[in-house]
Amino acid sequence: AQTVTQSQPEMSVQEAETVTLSCTYDTSENNYYLFWYKQPPSRQMILVIRQEAYKQQNATENRFSVNFQKAAKSFSLKISDSQLGDTAMYFCALGSGANSKLTFGKGITLSVRP
Amino acid sequence: NAGVTQTPKFQVLKTGQSMTLQCAQDMNHEYMSWYRQDPGMGLRLIHYSVGAGITDQGEVPNGYNVSRSTTEDFPLRLLSAAPSQTSVYFCASSYSGLPTYGYTFGSGTRLTVV
């Protein structure tokens, strides 16, 4: 069985500052993918960034980057230059195995203060 | 290209009633799944399908049925609604096996059972 743990239920950050959201996971698979999804108040699930486990280089998408520590099974999301539109719930997710199932963490609510 | 379409967006049911949540995708994705989202619980997998005619149970399948007669459609049936099934339901799809590019999500259905 695979698990994803997001231990911080909520965080707050000042606009333009940097914030890091934590995630740890566990899986027995060697080939897997990690994701961060954003869920704004509109309820839509939006893919923010993904990381392939066999790639050592950390993924980056504009202001979003990850710190992937495979040995520690850690996958944190860094948001630089936080914007009001970043206010949302963020989910960490793990996908592995041939059946393509994604396992999600419980999510973290991020508030960006003006 | 509509992506993943879920209907209805909102629904109120009485205890004991049955209903079907509809999900359709036009991306020729083989893999489709249903999740429910509850406060503090993240997203939990109800049922999934790896192709037409093939379905399997996820983490919380009790009280729900699915079928996959076509690649495009993956309806979720509530047999006898209970207040514990009050939740937000998401349908998601992906191209194949390992979730290389993550899932594409529908916009969700908020279901209230009274």
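Nothing in this text is a laboratory measurement; each read-out follows from the coordinates by a stated rule. Computed from a prediction, not measured in an experiment: that's the story for all the values here. Because the Cβ atoms are built from the backbone with ideal geometry, glycine has one as well, and the counts that use them run over all protein chains shown.
So which of A:Lys78/B:Lys9; A:Lys38/B:Lys14; A:Lys101/B:Lys14; A:Lys106/B:Lys9 end up more than 27 Å apart by C-alpha? Among A:Lys78/B:Lys9; A:Lys38/B:Lys14; A:Lys101/B:Lys14; A:Lys106/B:Lys9, the Cα-Cα distance tops 27 Å for A:Lys78/B:Lys9; A:Lys38/B:Lys14; A:Lys101/B:Lys14. The trypsin sites (Lys or Arg not before Pro) of the stretch B:8-45 meeting both criteria, a DSSP state outside H, G, I, E and B (loop) and at most 16 other C-beta atoms within 10 angstrom of the site's C-beta, are B:Lys9, B:Lys14.
Summing +1 for each Lys or Arg and -1 for each Asp or Glu among the other residues whose beta-carbon sits under 13 angstrom from that of B:Asp56 gives +1. Plainly put, the stretch B:9-98 has a radius of gyration that is 0.96 times its Kirkwood radius, both from alpha-carbon atoms, as the Rg/Rh ratio. On a per residue basis, the convex hull of the C-alpha atoms belonging to chain A measures out at 95 Å³.
By the beta carbon rule, with partners counted only under 4.7 Å, the protein assembly as shown holds no lone Cys residue at all.
Electrostatic tally near B:Arg110: other residues with Cβ closer than 15 Å to its Cβ, Lys and Arg +1, Asp and Glu -1, net +2. The loop-placed trypsin sites (Lys or Arg not before Pro) in the stretch A:33-100, going by DSSP, that have at most 11 neighbouring Cβ atoms within 10 Å of their Cβ come out as A:Lys55. Where both bridge residues fall in chain A, DSSP classifies roughly 90% of the beta bridges as antiparallel.
Please give me, ordered by residue number, the chymotrypsin sites (Phe, Trp or Tyr not before Pro) of the stretch B:9-114 that lie in loop per DSSP and have at most 10 other Cβ atoms within 10 Å.
none
If you take every residue apart from A:Tyr33 with its C-beta less than 13 Å away from the C-beta of A:Tyr33, what net charge results, scoring Lys and Arg +1 and Asp and Glu -1? Around A:Tyr33, the surrounding residues sum to +2. Dividing the mean sequence gap of close Cα pairs (under 8 Å, 6+ apart) by how many residues chain B holds gives a relative contact order of 36 percent. Between the C-alpha center of the stretch A:33-51 and that of the stretch A:16-30 there is a gap of 13 Å. Taking every pair of Cα atoms in the protein assembly as shown, average 1/r, invert it to obtain the Kirkwood radius, and report Rg/Rh to two decimals. Result: Rg/Rh = 0.97. Would you mind getting me the FRET efficiency between B:Thr112 and A:Ala16? Use the beta-carbon distance for r and R0 = 30 Å, nearest 0.05. That pair, B:Thr112 with A:Ala16, gives E of 0.15.
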